[in-house]
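Okay, so here's the structure we're looking at.
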Amino acid sequence: MLNVMNKKSVLILMDMPLFPYRIYAYNGLAERGYDLTVVSMSDKDVKYDIKLKFQHIRMSYKTFFGFRYVKGFNAINPNEFDIIIIAPNLRMLNFYQFYNKKYWNKLIGWGHHKGCTSGNRFAAALRNRMFKKFAALVFYDHNTCDDYKKNGYNPEKLFVANNTQYVDLSKVNLSSPRDSFLYVGRIQERKSVDMALRAFATLKRTVPSDGLKFRIVGGGDSETLKGLAQEMGIEKDVVFTGPIHDEDKLATVFNTAYAYVSPGHVGLGVLHSLAFGVPVITCLGRKHSVEIANCKKENSFVVEYSDEAVFGAMKTLFSDKKLRANMSVAAHRYYENSCTIDVMVDGVDNAIQYLMANER
(Lines give C-alpha, C1' and ligand atoms only; values in the text may rest on other atoms or scores of the structure.)
Protein backbone atom coordinates (compact mmCIF):
# COMPACT_ATOMS: atom_id res chain seq x y z
CA MET A 1 0.00 0.00 0.00
CA LEU A 2 1.30 3.43 -0.90
CA ASN A 3 1.85 6.16 1.64
CA VAL A 4 -1.09 8.58 1.29
CA MET A 5 1.30 11.51 1.15
CA ASN A 6 3.00 9.91 -1.87
CA LYS A 7 -0.17 8.82 -3.59
CA LYS A 8 0.44 8.42 -7.31
CA SER A 9 -2.08 9.54 -9.91
CA VAL A 10 -2.62 6.86 -12.55
CA LEU A 11 -4.47 7.23 -15.85
CA ILE A 12 -5.72 4.16 -17.73
CA LEU A 13 -6.70 4.68 -21.37
CA MET A 14 -8.86 1.83 -22.64
CA ASP A 15 -9.83 1.05 -26.22
CA MET A 16 -13.06 -0.68 -25.17
CA PRO A 17 -16.11 -0.24 -22.92
CA LEU A 18 -15.89 -0.59 -19.15
CA PHE A 19 -16.80 -4.26 -18.76
CA PRO A 20 -17.60 -5.59 -15.27
CA TYR A 21 -14.60 -7.93 -15.13
CA ARG A 22 -12.30 -4.94 -15.62
CA ILE A 23 -14.08 -2.96 -12.90
CA TYR A 24 -12.95 -5.54 -10.34
CA ALA A 25 -9.35 -5.14 -11.53
CA TYR A 26 -9.46 -1.33 -11.47
CA ASN A 27 -11.07 -1.36 -8.04
CA GLY A 28 -8.23 -3.62 -6.93
CA LEU A 29 -5.66 -1.10 -8.15
CA ALA A 30 -7.48 1.76 -6.43
CA GLU A 31 -7.53 -0.24 -3.19
CA ARG A 32 -3.73 -0.40 -3.36
CA GLY A 33 -3.53 3.35 -2.87
CA TYR A 34 -3.48 4.81 -6.38
CA ASP A 35 -5.50 7.86 -7.39
CA LEU A 36 -6.99 6.15 -10.44
CA THR A 37 -8.77 7.59 -13.46
CA VAL A 38 -10.07 5.27 -16.19
CA VAL A 39 -11.10 6.45 -19.65
CA SER A 40 -13.24 3.93 -21.56
CA MET A 41 -14.49 3.97 -25.14
CA SER A 42 -18.13 3.22 -25.86
CA ASP A 43 -21.17 4.77 -27.50
CA LYS A 44 -23.28 3.55 -24.60
CA ASP A 45 -22.75 2.36 -21.05
CA VAL A 46 -22.35 -1.31 -20.23
CA LYS A 47 -24.74 -2.42 -17.49
CA TYR A 48 -23.16 -3.15 -14.13
CA ASP A 49 -24.08 -2.78 -10.46
CA ILE A 50 -20.57 -2.63 -9.02
CA LYS A 51 -19.49 0.38 -6.97
CA LEU A 52 -16.56 2.15 -8.64
CA LYS A 53 -13.55 3.05 -6.50
CA PHE A 54 -11.99 5.16 -9.26
CA GLN A 55 -12.96 8.05 -11.48
CA HIS A 56 -14.53 6.88 -14.74
CA ILE A 57 -14.71 8.97 -17.90
CA ARG A 58 -16.63 7.45 -20.80
CA MET A 59 -15.88 8.77 -24.27
CA SER A 60 -17.26 7.87 -27.67
CA TYR A 61 -15.52 7.75 -31.02
CA LYS A 62 -16.07 7.91 -34.76
CA THR A 63 -14.60 5.35 -37.12
CA PHE A 64 -12.81 6.29 -40.37
CA PHE A 65 -11.52 3.46 -42.56
CA GLY A 66 -11.04 1.28 -39.50
CA PHE A 67 -9.34 4.00 -37.44
CA ARG A 68 -11.01 5.61 -34.42
CA TYR A 69 -11.18 9.29 -33.55
CA VAL A 70 -12.28 10.01 -29.98
CA LYS A 71 -14.48 13.05 -29.50
CA GLY A 72 -13.39 15.47 -26.76
CA PHE A 73 -10.16 13.59 -26.09
CA ASN A 74 -8.15 16.82 -25.72
CA ALA A 75 -9.76 17.26 -22.31
CA ILE A 76 -7.36 14.58 -21.06
CA ASN A 77 -4.14 16.25 -19.91
CA PRO A 78 -1.26 13.75 -19.64
CA ASN A 79 0.74 16.18 -17.49
CA GLU A 80 -1.74 15.70 -14.64
CA PHE A 81 -0.76 12.05 -14.13
CA ASP A 82 2.32 10.34 -12.71
CA ILE A 83 1.69 7.06 -14.55
CA ILE A 84 -0.16 6.50 -17.83
CA ILE A 85 -1.33 2.99 -18.73
CA ILE A 86 -2.50 2.69 -22.30
CA ALA A 87 -3.97 0.01 -24.55
CA PRO A 88 -1.55 0.51 -27.49
CA ASN A 89 -4.09 0.00 -30.26
CA LEU A 90 -2.60 1.42 -33.45
CA ARG A 91 -6.08 2.28 -34.70
CA MET A 92 -6.77 4.71 -31.81
CA LEU A 93 -5.68 7.97 -33.48
CA ASN A 94 -5.87 10.17 -30.37
CA PHE A 95 -3.54 7.89 -28.43
CA TYR A 96 -0.62 8.90 -30.65
CA GLN A 97 -0.29 12.23 -28.81
CA PHE A 98 0.87 10.19 -25.79
CA TYR A 99 3.64 8.52 -27.78
CA ASN A 100 5.92 11.43 -27.13
CA LYS A 101 9.39 11.70 -25.61
CA LYS A 102 7.87 13.79 -22.81
CA TYR A 103 5.86 10.78 -21.65
CA TRP A 104 7.85 7.65 -22.50
CA ASN A 105 9.25 7.37 -18.95
CA LYS A 106 5.76 7.15 -17.43
CA LEU A 107 4.03 5.15 -20.14
CA ILE A 108 2.96 1.51 -19.62
CA GLY A 109 1.42 -0.53 -22.45
CA TRP A 110 -1.21 -3.02 -21.22
CA GLY A 111 -2.79 -5.53 -23.61
CA HIS A 112 -2.28 -8.70 -25.61
CA HIS A 113 0.37 -6.87 -27.68
CA LYS A 114 -0.43 -8.81 -30.84
CA GLY A 115 -3.06 -6.89 -32.73
CA CYS A 116 -4.59 -7.57 -36.12
CA THR A 117 -1.36 -6.82 -37.96
CA SER A 118 -0.41 -10.26 -39.27
CA GLY A 119 1.21 -9.83 -42.67
CA ASN A 120 1.29 -6.03 -42.37
CA ARG A 121 5.01 -5.29 -42.23
CA PHE A 122 4.57 -1.55 -41.74
CA ALA A 123 2.25 -2.02 -38.76
CA ALA A 124 4.55 -4.66 -37.27
CA ALA A 125 7.58 -2.37 -37.62
CA LEU A 126 5.69 0.59 -36.12
CA ARG A 127 4.46 -1.53 -33.23
CA ASN A 128 7.98 -2.85 -32.52
CA ARG A 129 9.58 0.59 -32.64
CA MET A 130 6.92 2.07 -30.39
CA PHE A 131 6.85 -0.73 -27.83
CA LYS A 132 10.61 -0.53 -27.26
CA LYS A 133 10.15 3.07 -26.05
CA PHE A 134 7.54 2.23 -23.43
CA ALA A 135 8.80 2.31 -19.85
CA ALA A 136 7.10 -1.07 -19.29
CA LEU A 137 4.79 -3.54 -21.01
CA VAL A 138 2.10 -5.64 -19.34
CA PHE A 139 0.90 -8.75 -21.21
CA TYR A 140 -2.28 -10.81 -21.00
CA ASP A 141 -0.31 -14.08 -21.04
CA HIS A 142 3.13 -15.53 -20.33
CA ASN A 143 3.61 -17.02 -23.82
CA THR A 144 3.49 -13.64 -25.57
CA CYS A 145 5.71 -12.11 -22.89
CA ASP A 146 8.27 -14.87 -23.47
CA ASP A 147 8.17 -14.17 -27.22
CA TYR A 148 9.09 -10.53 -26.57
CA LYS A 149 11.99 -11.60 -24.37
CA LYS A 150 13.28 -13.81 -27.19
CA ASN A 151 13.04 -10.81 -29.54
CA GLY A 152 15.44 -8.74 -27.46
CA TYR A 153 13.16 -6.79 -25.12
CA ASN A 154 14.54 -6.03 -21.65
CA PRO A 155 12.98 -8.66 -19.33
CA GLU A 156 12.98 -6.19 -16.43
CA LYS A 157 10.41 -4.06 -18.28
CA LEU A 158 8.03 -6.94 -19.09
CA PHE A 159 5.18 -8.02 -16.79
CA VAL A 160 2.18 -10.34 -17.02
CA ALA A 161 -1.33 -9.57 -15.78
CA ASN A 162 -3.14 -12.76 -16.74
CA ASN A 163 -6.40 -11.63 -18.36
CA THR A 164 -9.18 -13.16 -16.33
CA GLN A 165 -12.81 -13.20 -15.26
CA TYR A 166 -13.88 -12.25 -11.75
CA VAL A 167 -15.57 -15.06 -9.83
CA ASP A 168 -16.73 -15.00 -6.22
CA LEU A 169 -15.05 -18.22 -5.09
CA SER A 170 -17.50 -18.62 -2.21
CA LYS A 171 -20.11 -19.54 -4.85
CA VAL A 172 -18.06 -22.46 -6.24
CA ASN A 173 -19.32 -25.95 -5.35
CA LEU A 174 -17.09 -28.69 -6.75
CA SER A 175 -19.25 -31.45 -5.24
CA SER A 176 -22.52 -30.23 -6.76
CA PRO A 177 -24.41 -32.87 -8.82
CA ARG A 178 -23.90 -32.43 -12.58
CA ASP A 179 -26.72 -32.59 -15.12
CA SER A 180 -25.59 -30.69 -18.22
CA PHE A 181 -23.00 -29.58 -20.71
CA LEU A 182 -22.63 -25.85 -21.13
CA TYR A 183 -21.86 -23.04 -23.54
CA VAL A 184 -21.69 -19.46 -22.25
CA GLY A 185 -21.15 -16.52 -24.59
CA ARG A 186 -22.58 -14.85 -27.64
CA ILE A 187 -24.02 -17.22 -30.21
CA GLN A 188 -21.65 -16.76 -33.12
CA GLU A 189 -20.64 -18.95 -36.05
CA ARG A 190 -16.96 -18.83 -35.03
CA LYS A 191 -17.79 -20.55 -31.72
CA SER A 192 -19.01 -23.68 -33.58
CA VAL A 193 -21.79 -24.37 -31.10
CA ASP A 194 -23.48 -26.40 -33.83
CA MET A 195 -20.62 -28.91 -33.61
CA ALA A 196 -21.14 -29.11 -29.85
CA LEU A 197 -24.84 -29.88 -30.38
CA ARG A 198 -24.10 -32.58 -32.92
CA ALA A 199 -21.65 -34.19 -30.49
CA PHE A 200 -24.24 -33.90 -27.74
CA ALA A 201 -26.86 -35.59 -29.91
CA THR A 202 -24.48 -38.49 -30.51
CA LEU A 203 -23.87 -38.73 -26.76
CA LYS A 204 -27.63 -38.90 -26.10
CA ARG A 205 -27.95 -41.76 -28.60
CA THR A 206 -24.89 -43.62 -27.34
CA VAL A 207 -25.05 -43.72 -23.54
CA PRO A 208 -27.87 -43.78 -20.95
CA SER A 209 -28.38 -40.07 -20.30
CA ASP A 210 -31.91 -39.41 -19.03
CA GLY A 211 -32.20 -35.83 -17.83
CA LEU A 212 -28.92 -34.73 -19.39
CA LYS A 213 -29.16 -31.22 -20.86
CA PHE A 214 -27.09 -28.88 -22.98
CA ARG A 215 -27.46 -25.29 -21.75
CA ILE A 216 -26.68 -22.38 -24.06
CA VAL A 217 -26.31 -19.14 -22.12
CA GLY A 218 -25.94 -15.96 -24.14
CA GLY A 219 -27.43 -13.62 -26.68
CA GLY A 220 -27.37 -13.72 -30.46
CA ASP A 221 -29.37 -15.43 -33.18
CA SER A 222 -30.34 -18.81 -31.76
CA GLU A 223 -32.85 -19.79 -34.46
CA THR A 224 -30.39 -21.85 -36.52
CA LEU A 225 -29.28 -23.81 -33.44
CA LYS A 226 -32.88 -24.36 -32.37
CA GLY A 227 -33.65 -25.70 -35.83
CA LEU A 228 -30.63 -28.02 -35.67
CA ALA A 229 -31.69 -29.33 -32.25
CA GLN A 230 -35.18 -30.04 -33.58
CA GLU A 231 -33.78 -31.74 -36.67
CA MET A 232 -31.70 -34.06 -34.46
CA GLY A 233 -34.58 -34.74 -32.07
CA ILE A 234 -32.93 -33.19 -29.01
CA GLU A 235 -34.94 -29.96 -28.80
CA LYS A 236 -36.27 -30.92 -25.34
CA ASP A 237 -32.73 -31.48 -24.09
CA VAL A 238 -31.24 -28.18 -25.29
CA VAL A 239 -32.02 -25.17 -23.08
CA PHE A 240 -31.56 -21.64 -24.44
CA THR A 241 -31.52 -19.31 -21.43
CA GLY A 242 -30.54 -16.07 -23.13
CA PRO A 243 -27.94 -13.87 -21.41
CA ILE A 244 -27.52 -14.33 -17.64
CA HIS A 245 -25.72 -11.61 -15.66
CA ASP A 246 -26.85 -12.46 -12.14
CA GLU A 247 -23.89 -14.07 -10.37
CA ASP A 248 -26.01 -16.46 -8.29
CA LYS A 249 -27.81 -17.77 -11.37
CA LEU A 250 -24.54 -18.11 -13.28
CA ALA A 251 -23.02 -19.99 -10.36
CA THR A 252 -25.89 -22.50 -10.49
CA VAL A 253 -25.34 -23.00 -14.22
CA PHE A 254 -21.60 -23.60 -13.85
CA ASN A 255 -21.87 -25.70 -10.69
CA THR A 256 -24.09 -28.21 -12.50
CA ALA A 257 -22.00 -28.55 -15.68
CA TYR A 258 -19.81 -31.45 -16.76
CA ALA A 259 -17.87 -29.20 -19.14
CA TYR A 260 -17.86 -25.89 -20.98
CA VAL A 261 -17.99 -26.75 -24.69
CA SER A 262 -16.92 -24.25 -27.34
CA PRO A 263 -15.30 -26.12 -30.27
CA GLY A 264 -14.47 -22.87 -32.05
CA HIS A 265 -13.10 -19.65 -30.61
CA VAL A 266 -12.62 -19.40 -26.85
CA GLY A 267 -11.70 -16.38 -24.73
CA LEU A 268 -12.52 -15.26 -21.20
CA GLY A 269 -15.13 -18.00 -20.88
CA VAL A 270 -12.21 -20.35 -20.25
CA LEU A 271 -11.36 -18.57 -17.01
CA HIS A 272 -14.99 -18.42 -15.91
CA SER A 273 -15.27 -22.17 -16.33
CA LEU A 274 -11.97 -23.08 -14.68
CA ALA A 275 -12.88 -20.99 -11.64
CA PHE A 276 -15.93 -23.18 -11.10
CA GLY A 277 -13.94 -26.35 -11.64
CA VAL A 278 -15.59 -26.96 -15.01
CA PRO A 279 -13.24 -28.48 -17.62
CA VAL A 280 -13.12 -26.84 -21.03
CA ILE A 281 -13.64 -28.70 -24.32
CA THR A 282 -12.35 -26.85 -27.38
CA CYS A 283 -10.45 -27.60 -30.58
CA LEU A 284 -7.07 -27.24 -32.18
CA GLY A 285 -6.49 -25.04 -35.20
CA ARG A 286 -9.06 -22.39 -34.32
CA LYS A 287 -8.44 -18.66 -33.95
CA HIS A 288 -8.57 -18.48 -30.17
CA SER A 289 -7.87 -15.55 -27.88
CA VAL A 290 -4.76 -15.70 -25.70
CA GLU A 291 -6.84 -17.23 -22.88
CA ILE A 292 -6.49 -20.61 -24.65
CA ALA A 293 -3.07 -20.84 -22.96
CA ASN A 294 -4.90 -21.62 -19.71
CA CYS A 295 -6.29 -24.85 -21.16
CA LYS A 296 -3.87 -27.45 -19.81
CA LYS A 297 -4.10 -31.21 -20.17
CA GLU A 298 -4.95 -31.42 -16.45
CA ASN A 299 -8.03 -29.20 -16.72
CA SER A 300 -9.22 -29.28 -20.35
CA PHE A 301 -9.63 -31.23 -23.57
CA VAL A 302 -8.16 -29.52 -26.65
CA VAL A 303 -9.03 -31.93 -29.44
CA GLU A 304 -9.18 -32.15 -33.22
CA TYR A 305 -11.81 -29.99 -34.87
CA SER A 306 -14.42 -32.65 -35.58
CA ASP A 307 -17.77 -33.85 -34.29
CA GLU A 308 -16.20 -37.19 -33.34
CA ALA A 309 -13.39 -35.67 -31.27
CA VAL A 310 -15.74 -33.34 -29.38
CA PHE A 311 -18.14 -36.25 -28.77
CA GLY A 312 -15.24 -38.33 -27.44
CA ALA A 313 -14.26 -35.66 -24.93
CA MET A 314 -17.86 -35.18 -23.79
CA LYS A 315 -18.37 -38.92 -23.40
CA THR A 316 -15.19 -39.28 -21.35
CA LEU A 317 -16.17 -36.52 -18.92
CA PHE A 318 -19.72 -37.82 -18.66
CA SER A 319 -18.73 -41.45 -18.10
CA ASP A 320 -15.50 -41.29 -16.11
CA LYS A 321 -16.46 -39.93 -12.70
CA LYS A 322 -12.97 -40.17 -11.23
CA LEU A 323 -11.31 -38.35 -14.13
CA ARG A 324 -14.00 -35.70 -14.07
CA ALA A 325 -13.47 -35.09 -10.35
CA ASN A 326 -9.70 -34.84 -10.77
CA MET A 327 -9.98 -32.41 -13.68
CA SER A 328 -12.52 -30.33 -11.76
CA VAL A 329 -10.18 -29.95 -8.80
CA ALA A 330 -7.24 -29.18 -11.10
CA ALA A 331 -9.25 -26.54 -12.97
CA HIS A 332 -10.33 -24.76 -9.81
CA ARG A 333 -6.85 -24.85 -8.27
CA TYR A 334 -5.32 -23.49 -11.44
CA TYR A 335 -7.68 -20.50 -11.38
CA GLU A 336 -7.21 -19.96 -7.65
CA ASN A 337 -3.40 -20.05 -7.90
CA SER A 338 -2.81 -18.27 -11.20
CA CYS A 339 -5.88 -16.46 -12.51
CA THR A 340 -7.71 -14.51 -9.82
CA ILE A 341 -8.32 -10.78 -10.17
CA ASP A 342 -5.70 -10.22 -7.44
CA VAL A 343 -3.09 -12.00 -9.59
CA MET A 344 -4.09 -9.82 -12.54
CA VAL A 345 -3.78 -6.68 -10.42
CA ASP A 346 -0.36 -7.85 -9.17
CA GLY A 347 0.99 -7.77 -12.73
CA VAL A 348 -0.10 -4.18 -13.34
CA ASP A 349 0.95 -3.05 -9.87
CA ASN A 350 4.41 -4.59 -10.38
CA ALA A 351 4.84 -2.56 -13.56
CA ILE A 352 3.82 0.65 -11.76
CA GLN A 353 6.19 -0.10 -8.90
CA TYR A 354 8.98 -0.68 -11.43
CA LEU A 355 8.42 2.78 -12.92
CA MET A 356 8.32 4.38 -9.49
CA ALA A 357 11.61 2.70 -8.53
CA ASN A 358 13.22 4.01 -11.74
CA GLU A 359 11.84 7.53 -11.76
CA ARG A 360 14.11 9.94 -13.54
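The values are calculated or read from the model by the stated rules, or taken from the named source; none is laboratory data. All figures in this text were calculated on a predicted structure; none of them were measured in a lab. Here the Cβ is made from the backbone with ideal geometry for all residues, glycine too, and neighbour counts use every protein chain on show.
Below is a table of values for the structure above.
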quantity: Selection within region 232-286 - of a type in the set (D, E, K, R), under 22 Å from Asp307 (Cα atoms) and either in contact (Cβ under 8 Å) with a residue 24 or more places away in the chain or touching a Lys or Arg at 6+ places or on another chain (Cβ under 8 Å) (or both); calculated: Glu235, Asp237, Arg286
quantity: Single residue of region 176-186 satisfying the filter (closer than 26 Å to Arg286 by Cα and at pLDDT 95 or above) that is farthest from the chain's Cα centre (by Cα); calculated: Ser180
quantity: Elements of type strands (runs of 3 or more DSSP E) contained in region 2-106, each with 3 or more residues being farther than 26 Å from Lys132 by Cβ; calculated: 35-41, 55-59, 61-64
quantity: Filter result (modelled with pLDDT under 95, charged (D, E, K, R), closer than 21 Å to Asn358 by Cα and surrounded by 14 or more Cβ atoms within 10 Å (Cβ to Cβ)) within region 125-175; calculated: Lys132, Lys133
quantity: Members of region 298-309 that are part of a helix (DSSP H, G or I) and touching a Lys or Arg at 6+ places or on another chain (Cβ under 8 Å); calculated: Asp307
quantity: Meets criteria (among the acidic types (Asp, Glu), more than 20 Å from the chain's Cα centre (by Cα) and part of a helix (DSSP H, G or I)) for Glu291; calculated: no
quantity: Top-ranked residue of region 244-273 - restricted to ones that are buried (at least 18 other Cβ atoms within 10 Å of the Cβ) and hydroxyl-bearing (Ser, Thr, Tyr), ranked as nearest to the chain's Cα centre (by Cα); calculated: Ser273
quantity: Any hit, region 310-329, residues being of a type in the set (Phe, Trp, Tyr), surrounded by 14 or more Cβ atoms within 10 Å (Cβ to Cβ) and in contact with a Cys (Cβ under 8 Å, 6 or more places away or on another chain); calculated: no
